[in-house]
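Computed from the coordinates by the stated procedures, all read-outs in this text should not be read as laboratory data. Note that the structure is a prediction, hence the values are computed from the model and not measured. Every residue, glycine among them, receives a Cβ derived from its backbone with ideal geometry; neighbour counts consider all protein chains shown.
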Amino acid sequence: MQTGIPFYNLAPMHGTIWAEMADAFQNVYGSCQFVLGQAVKNFEHAYAQLNQVKYAIGVSSGLDALLLALKACGIGQGDEVIVPANTYIASILAICHVGAKPVLVEPRPDTYNINPELIEQAITPHTKAVMPVHLYGQACEMDAIMQIAARHGLKVIEDNAQAHLAAFKGKLTGSWGDANGTSFYPSKNLGALGDGGAVTTSHDELANRIRLLRNCGSLVKYENETIGYNMRLDELQAAFLSVKMRYIHKWTAERQQLAALYQQLLAGIDDLILPITHTQATHVYHLYVVRTRRRDALQQYLAAHQIGTLIHYPIPPHLQRAFRHMGWQKGDFPIAEELAATCLSLPLWIGMTSEQVERVAAVVHKFYST
Ligand SMILES: Cc1ncc(COP(=O)(O)O)c(C=O)c1O
């Protein structure tokens, strides 16, 4: 009897670091300091180094990181922000929360990342920023995006929630933009044991503004310089993240090996489109996403063989009820709609074995041969 393969399983990863995580808990518990203490400071320092930026500011989630980055860049009411039409909803929510208007741009049909060639035609006199999203773990074409932004005086805010340690032309994602948001949601490549996020930046002034904004507008207790939020990363999550960060290079390589095995085993199936990585980008495979016209049937077939899958994402943002007021219609972003109708994420997690990847691939082959 073969056991099933879940879409995602944190248990093997967490099993290997249990003792270090327990120590981290004990240290914070013993310190009795649970908010903005030494654990957050240590994590911010190490995370900035990891990302080759001057500053990392720990915050409460990826959505909040993007919101604070936009706000610190001075983006608000009446401004437009260019963002890919195929992204997780949070990228667009952050733009809405600061009062700006999201302007959607189609992705490239091969890499699924924002198409730089379409950015320029979406720019209006109200455009203030571009938010590239390194979707599924692949770096966007950041050099082209930075050049367009420089030509038009736009800020760049990378959504790096899915792409810790990916790079374009050797430069890490999260280090290109003015201020960039990332997420430590538990299933992310670097995940906390709850919610968390960070803004990365190399600008002194932006770093200061974000530190103020995340902490009720205050750096000195009971002195409030601006109207801020409570969007702090807490000490326990920072301590857990510091442990996990020791393994991030190893885990990234493991993700890439599992993806390479899928690429090899699934090659050559008609009607199955495998992930394509831009020649100058790296992909850290937060998700391994294939595409097929028979997506729903394949998903059901895999489920019948106890193999879990997910769809990232079944409804593109412009067709979500939350955005009814924007007036977007079906057909407005055909590539994003096609992706939503055909994409399927296969299991990929730390501790997944080659035998498990082989089994998933074998069941996929069986589906296409029947
Ligand atoms: C692309 C993208 N942006 C933003 C977020 C928001 O992160 P969080 O869930 O930590 O708010 C996520 C993850 O959920 C994401 O995948």
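Does HIS283 qualify as being buried (at least 20 other Cβ atoms within 10 Å of the Cβ), farther than 22 Å from ILE5 by Cα and more than 18 Å from the chain's Cα centre (by Cα)?
no
Return yes when TYR112 is in contact (Cβ under 8 Å) with a residue 24 or more places away in the chain, surrounded by fewer than 20 Cβ atoms within 10 Å (Cβ to Cβ), closer than 15 Å to PRO316 by Cβ and touching a strand residue (DSSP E or B) at 6+ places or on another chain (Cβ under 9 Å) and no when it is not.
The answer is no for TYR112.
Of all residues being free of Cβ contacts under 8 Å to residues at least 60 places away in the same chain and within 11 Å of the ligand (Cβ to nearest atom) in the stretch 148-171, which is surrounded by the most Cβ atoms within 10 Å (Cβ to Cβ)? Just the residue, please.
Ranking the candidates gives ASN160 first.
Any residue at all in the stretch 93-103 that is more than 16 Å from the ligand (Cβ to nearest atom), among the basic types (Lys, Arg) and within 18 Å of ALA144 (Cβ to Cβ)?
There is no residue in the stretch 93-103 that is more than 16 Å from the ligand (Cβ to nearest atom), among the basic types (Lys, Arg) and within 18 Å of ALA144 (Cβ to Cβ).
Would you check which residues across the stretch 97-153 are among the β-branched types (Val, Ile, Thr) and either in contact with a Gly (Cβ under 7 Å, 6 or more places away or on another chain) or part of a helix (DSSP H, G or I) (or both) and list them?
VAL98, ILE119, ILE145, ILE148
If I filter the stretch 172-181 for residues that are crowded, with 16+ Cβ neighbours inside 10 Å, part of a strand (DSSP E or B) and within 13 Å of the ligand (Cβ to nearest atom), do I get at least one hit?
Among the residues of the stretch 172-181, at least one is crowded, with 16+ Cβ neighbours inside 10 Å, part of a strand (DSSP E or B) and within 13 Å of the ligand (Cβ to nearest atom), which makes the answer yes.
Listed here are the residues, each with its yes/no results for (1) in contact with a helix residue (DSSP H, G or I) (Cβ under 8 Å, 6 or more places away or on another chain); (2) among the β-branched types (Val, Ile, Thr); (3) outside any loop (DSSP other than H, G, I, E, B).
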site	(1), (2), (3)
GLN256	no, no, yes
GLY268	no, no, no
ILE276	no, yes, no
TYR285	yes, no, no
GLN299	no, no, yes
ALA303	no, no, yes
HIS318	yes, no, yes
LEU348	yes, no, no
GLU355	no, no, yes
